[in-house]
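Shown next, in structure tokens, is the structure this report addresses.
The values are calculated or read from the model by the stated rules, or taken from the named source; none is laboratory data. Worth saying up front: this structure is predicted, and the values here are computed from it rather than measured. Cβ placement follows ideal geometry from the backbone for every residue including glycine, while neighbour counts extend to all protein chains displayed. Note: accessible area is taken over every heavy atom of the protein model, side chains too, but ligands, DNA and RNA are not part of it. Shrake-Rupley method; radii C 1.70, N 1.55, O 1.52, S 1.80 Å.
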Amino acid sequence: VIDIAIRVHREYGFDLFPTFCIAPREMHLIVNIVYDRSSQDEKRRAIAAIRKMIDECAEAGYGEYRTHILLADQVMHTYSWNGKSLLRFHEQIKDALDPKGILAPGRNGIWPRKYRGQGWELLGKGRETSTPEKSKL
């Protein structure tokens, strides 16, 4: 994972400031992309860099522990095992406990039935959204 972070940071022109959190059965690499918020170019590159790291880490078999809300939909869609069974499970729970979709719609990439597939997901340019469902609004 650190190899991906180093390469992507270089590719997008950022310094890497990694933090490792190590426990007996897990390790987290925390990546903070430091950029000039007044620069539109640096903002664009920072978002592109983190989206690329998410995709490449997922391809290598690593999952995200947590992320910024801008990236929550993309991260949730990286958990694609068994036809995205984790997402479908979360959606079933969401629909059962919050049938009107009032409580934090879209939080952690889990959308209530009435918003699912309606274009609310922030997956990034050129990425598909979930399929619209027929729902009672």
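Computed values, structure above
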item	result
Proximal lysine pairs, the chain, alpha carbons under 14 Å, eight or more residues apart or interchain	6
Sequence ranges 56-62, 104-110, ranked by mean other-Cβ count within 10 angstrom, highest first	104-110, 56-62
Heavy-atom surface of the stretch 7-103, accessible at 1.4 Å and reported per residue (Å²)	70 Å²
Hydrodynamic radius by Kirkwood, which averages 1/r over all alpha carbon pairs of the stretch 13-79, in angstrom	13.1 Å
Global form of the chain, assessed from the alpha-carbon gyration tensor, a/c cut-off 1.5	prolate
Accessible surface of the stretch 1-103 [probe 1.4 Å, protein heavy atoms]: carbon and sulfur percent	56 percent
Selected from 88, 51, 37 as most flexible by GNM, with the chain as the system and alpha-carbon contacts under 10 Å	37
Unit charges on C-beta of K, R, D, E only; dipole of the chain, Debye	580 debye
Per-residue ³J(HN,Hα) for the stretch 30-36, Karplus 6.51 cos²θ - 1.76 cosθ + 1.60, θ = phi - 60°, Hz, x for Gly and Pro	9, 10, 10, 8, 8, 8, 7
The chain: relative contact order as a whole-number percent, Cα under 8 Å and 6+ apart	16 percent
Rough spin-label spacing in nm, given labels placed 7 Å along Cα→Cβ, for residue 114 and residue 93	2.2 nm
